[in-house]
């Protein structure tokens, strides 16, 4: 089925999930002129968007009934299943020609299941998880990894370009989620290196901001080091991405690796370290809160260091 062109004048946007990242993302679409209908479990999290003109819907189904393209970015695969496939879910309220875009980091197999269920109703489905955290969401510089039918993905590009800078169609349904798993595997082991490097620099008596000036731009530099390193040094562990959600992602990646017959010992170590972070009560902190657990192992009270 041919898709209608995407324009602010004609395309109605639905959005489910207005948390740390989602609120900024739909906010950019509204700033670009698109009307939006929103739903989130805690209406208070959508109040700022409603004040800007977004319409509130009581269920994901109601969002779909008032929208042409519905985005979701929620917490866990179980949440995705509920908001997309549940009795009051998006698909139940969709009509032929609508487009569903799940931007949650979720299971590749679930993305395929949603696409198959949507197709039976004449609805298009795309999986488009993102990377870049709260900073990328606020600055509209997200990396968006997209799985779905090429004509549908190409039609959606005007919307994706409002939210991100690196927009890559990875393949069919589920390919976006597989790409995000590769992304999370990279982050897991990289974050260990970031934290251990800062711990080493601290114990060696270096001035950490000065150290970062040397290592950040070089071969050892990374997004995590240059963006989260300063937060770690400032004892700012507010979430750009929750530890508990990252544990979920690593679990998905390890499950997929097992299905593929892969051994990923670095990722397995990362998962164990992050489980310790959550066990210590830091599951709702950002992923860089790994520093707190590693510092404790080293006998360092990081937040009260001199």
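The values are calculated or read from the model by the stated rules, or taken from the named source; none is laboratory data. Predicted, not measured: the structure shown is a model, and the values here were computed from it. Every residue, glycine as well, gets a Cβ built from its backbone with ideal geometry; the counts of neighbours run over all protein chains shown.
Quick check on my filter: what residues within the stretch 101-157 are at pLDDT 95 or above, at positive phi and under 18 Å from the mean Cα position of the chain (by Cα)?
Once the filter is applied, which keeps residues that are at pLDDT 95 or above, at positive phi and under 18 Å from the mean Cα position of the chain (by Cα), the stretch 101-157 yields 140, 148.
Using the structure shown, decide if residue 27 is closer than 21 Å to residue 134 by Cβ, surrounded by fewer than 24 Cβ atoms within 10 Å (Cβ to Cβ), in the same structural domain as residue 161 (by TED's automatic domain parsing) and at pLDDT below 95.
Considered against the rule, which asks whether it is closer than 21 Å to residue 134 by Cβ, surrounded by fewer than 24 Cβ atoms within 10 Å (Cβ to Cβ), in the same structural domain as residue 161 (by TED's automatic domain parsing) and at pLDDT below 95, residue 27 comes out as no.
Please enumerate the residues belonging to the stretch 56-94 that are out of contact with any strand residue (DSSP E or B) (no Cβ under 8 Å at 6 or more places or on another chain), farther than 28 Å from residue 253 by Cα and part of a loop (DSSP other than H, G, I, E, B).
Once the filter is applied, which keeps residues that are out of contact with any strand residue (DSSP E or B) (no Cβ under 8 Å at 6 or more places or on another chain), farther than 28 Å from residue 253 by Cα and part of a loop (DSSP other than H, G, I, E, B), the stretch 56-94 yields 87, 88.
I'm trying to understand the selection: among the residues of the stretch 117-153, which are without any contact (Cβ under 8 Å) to a residue 12 or more places away in the chain and assigned to a helix (DSSP H, G or I)?
Hits for the stretch 117-153 are 119, 139.
Quick check: is even one residue across the stretch 229-252 part of a helix (DSSP H, G or I), on the phi > 0 side of the Ramachandran plot and not assigned by TED's automatic domain parsing to the domain that holds residue 24? Can you show your working first?
Taking the stretch 229-252 and keeping what is part of a helix (DSSP H, G or I), we get 229-233, 243-252.
Subsequent filtering for residues that are on the phi > 0 side of the Ramachandran plot retains none.
The answer is no; no qualifying residue exists.
Which condition number in (1) under 18 Å from residue 172 (Cβ atoms); (2) surrounded by fewer than 17 Cβ atoms within 10 Å (Cβ to Cβ) is the one that residue 44 fails?
Here residue 44 clears every test but (1).
In this structure, does residue 167 turn out to be in the same structural domain as residue 78 (by TED's automatic domain parsing), over 13 Å from the mean Cα position of the chain (by Cα) and not in a helix (DSSP H, G or I)?
Taking the combined requirement at face value, the residue satisfies it.
Give the number of residues within the stretch 286-306 that are free of Cβ contacts under 8 Å to residues at least 60 places away in the same chain and over 12 Å from residue 232 (Cα atoms).
7
In the list 69, 20, which residue meets the criterion of being under 20 Å from residue 126 (Cα atoms), under 21 Å from the mean Cα position of the chain (by Cα) and assigned by TED's automatic domain parsing to the domain that holds residue 153?
After ruling out the rest, the residue left standing is 69.
Can you pull out the residues in the stretch 274-285 that are assigned to a helix (DSSP H, G or I), touching a residue at least 12 places away in the same chain (Cβ under 8 Å) and either under 22 Å from residue 20 (Cβ atoms) or not assigned by TED's automatic domain parsing to the domain that holds residue 193 (or both)? Step through it out loud before you land on a result.
As a first pass, look at the stretch 274-285 and keep what is assigned to a helix (DSSP H, G or I): 274-282.
Retained after the next criterion (residues that are touching a residue at least 12 places away in the same chain (Cβ under 8 Å)): 274-278, 280, 282.
Selection gives 274, 275, 277, 278, 280, 282.
Give me a count of the residues in the stretch 257-272 that are assigned to a helix (DSSP H, G or I) and in contact with a helix residue (DSSP H, G or I) (Cβ under 6 Å, 6 or more places away or on another chain).
Residues in the stretch 257-272 being assigned to a helix (DSSP H, G or I) and in contact with a helix residue (DSSP H, G or I) (Cβ under 6 Å, 6 or more places away or on another chain): 4 in total.
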